[in-house]
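I have placed the structure first, in the form of structure tokens, so that the comments after it can refer back to it.
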Amino acid sequence: MPKPTKSSAIRNNLARNIRYARVMLSWSQEELAEHAQLHRNLIGMIERKECAVTLDTLNDLSKALKVEPWVLLQPPSVAQPQILSLLDKSAGR
């Protein structure tokens, strides 16, 4: 199996973190697409690592999820506790 390249590692991080944040919000892919004003098929493609996202798309997703863009690019072990903390704060927990 080939060693993951830096770009594929970042794409994997983004896919896992977007899905994590979406699930923590109890949103479907379609609901995230609506909040981010993106096509629902794009959300699935990102989560399946089938496409690279533009900076504009990353920005739209981060705004919808209320998470800074750079957080979504971090390894899940680092990003997911931060995502959970931010979601808890925005929910007033």
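Per residue, the chain exposes 64 Å² of solvent-accessible protein surface, assessed with a 1.4 angstrom probe and all protein chains in place. Each Lys and Arg contributes +1 and each Asp and Glu -1, all at the Cβ; summed about the Cα centre of the chain, the dipole is approximately 360 debye. Tell me, in nm to one decimal, what length is gained between Lys63 and Arg48 on full extension, where the rule is 0.36 nm per residue of separation less the Cα-Cα distance? Difference between extended and current length: 3.3 nm. For the range 24-93, the fraction of 1.4 Å probe accessible surface lying on carbon and sulfur atoms is 51 percent.
To the nearest 10, the accessible area of Ser90 is 70 Å² with a 1.4 Å probe. Stretching the chain fully between Lys89 and Trp70 yields a gain of 5.0 nm (0.36 nm per residue, less the alpha carbon separation). The accessible-area ordering, largest first, of the residues Lys49, Lys63 stands as Lys63, Lys49, per a 1.4 angstrom probe.
Entry note, the chain: relative contact order of 34 percent, from Cα contacts under 8 Å with a spacing of 6+ residues.
Just want the answer: with Cβ charges of +1 for Lys and Arg and -1 for Asp and Glu, which residue in Val23, Ala79, Leu61 is farthest toward the dipole's positive end in the chain? The listed residue farthest towards the positive side: Ala79.
Bridgeable aspartates and glutamates around Lys63 (alpha carbons under 19 Å apart, same-chain partners fewer than 8 residues away excluded): Glu30, Glu31, Glu34, Glu47, Asp88. Pop the C-beta distance of Gln82 and His39 into the FRET formula with R0 = 22 Å and round what comes out to the nearest 0.05. Calculated transfer efficiency: 0.20. Of all aspartates and glutamates in the structure, the ones whose alpha carbon falls short of 19 Å from that of Lys89, not counting any fewer than 8 places away in one chain, are Glu68.
The values are calculated or read from the model by the stated rules, or taken from the named source; none is laboratory data. Small disclaimer: the values here were computed from a predicted structure and weren't measured. Cβ sites come from the backbone with ideal geometry, for glycine too, and all protein chains shown count toward neighbours. With ligands, DNA and RNA removed, areas are computed over all heavy atoms of the protein, side chains included. Shrake-Rupley method; radii C 1.70, N 1.55, O 1.52, S 1.80 Å.
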